[in-house]
Amino acid sequence: MTLTQIITAARNKYNAIGDSFWSDAELLDLLYEGCLDLTKKVPDIIEAIYTTTSVASQQEYDFPTNTIKIKRITYAGKKLKPITMREDDSITGLNQSSTSEGTPQYYFIWNNTISLRPIPSTSSDSIKIYSLNEPAVLTISSTLEIPTQFHMDLVNFILTGMCAKDSNANMIVYYEKKWSEAVNEAKKWIKKIKRGDSFSVVQDEESIIEGYLGIV
């Protein structure tokens, strides 16, 4: 659905087509608020992949725009291992200012900055970042990043705000309940698609072939 279609659907449900009590800009803000609320409660719902390139002798790289959490980073096609700053200390011999260069194997994150170790020795190598994102600020021409199966649920979030402005207490409770149910369904949906064709299992440490700093 387009953003205009979602806003129109909300107006239709509330019998408010052409009603100036709620402006389109106001309903667009409610839609954005709903997207933010959903991503806070279901962080895996917006996934993205960003590609940048290395700069020789540059260790730090900014998070991509709207990124909440990094799930994976590859350097020249090879997965980098996430480490803590303490583990970085063990690599550098407690010399955080080490300028040792080479092909990065590890990364750590601080203050929404990605630090590579070793520091890249060459420029133009591909760095691919797999991330979970918050929604971008909406304009009426934006493409909604929330999956389409939850667009009508966002209509219900908008209706909650419309009812609140209209002091319609009974309908506020009704639409809040529908929104809460939709969030729970979104959580289940994410778990299901992540599992794919595999069985749901907990992977213990002994089953992982490789640890942070090498073969276990």
Report task. For residues that are among the aliphatic types (A, V, I, L, M) and at pLDDT below 95, scanning just the range 86-139, find the one that is most open to solvent (accessible area, probe 1.4 Å). Result -> Leu94
**Report entry** strands (runs of 3 or more DSSP E) contained in the range 16-124 and holding at least 1 residues acidic (Asp, Glu)
**Finding:** 47-53, 60-62
Report summary line: Those residues of the range 165-188 that are farther than 18 Å from Ile6 by Cβ and either touching a residue at least 40 places away in the same chain (Cβ under 8 Å) or among the aliphatic types (A, V, I, L, M) (or both) come to a total of 6
Report task. Give the residue that is nearest to Ala136 (Cα to Cα), with candidates limited to residues of the range 41-74 that are aliphatic (A, V, I, L, M) and open to solvent by less than 50 Å² (accessible area, probe 1.4 Å). Result -> Ile46
Report summary line: Expected single match for surrounded by 16 or more Cβ atoms within 10 Å (Cβ to Cβ), in a helix (DSSP H, G or I) and either polar (S, T, N, Q) or touching a strand residue (DSSP E or B) at 6+ places or on another chain (Cβ under 7 Å) (or both) among Asn156, Asn170 is Asn156
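The values are calculated or read from the model by the stated rules, or taken from the named source; none is laboratory data. Every value quoted in this text rests on a predicted model; they were computed, and no experiment measured them. So basically every Cβ, Gly included, is an ideal-geometry build from the backbone, and we count neighbours across all protein chains shown. These accessible areas exclude ligands, DNA and RNA; they are computed on the full protein's heavy atoms, side chains included. Shrake-Rupley method; radii C 1.70, N 1.55, O 1.52, S 1.80 Å.
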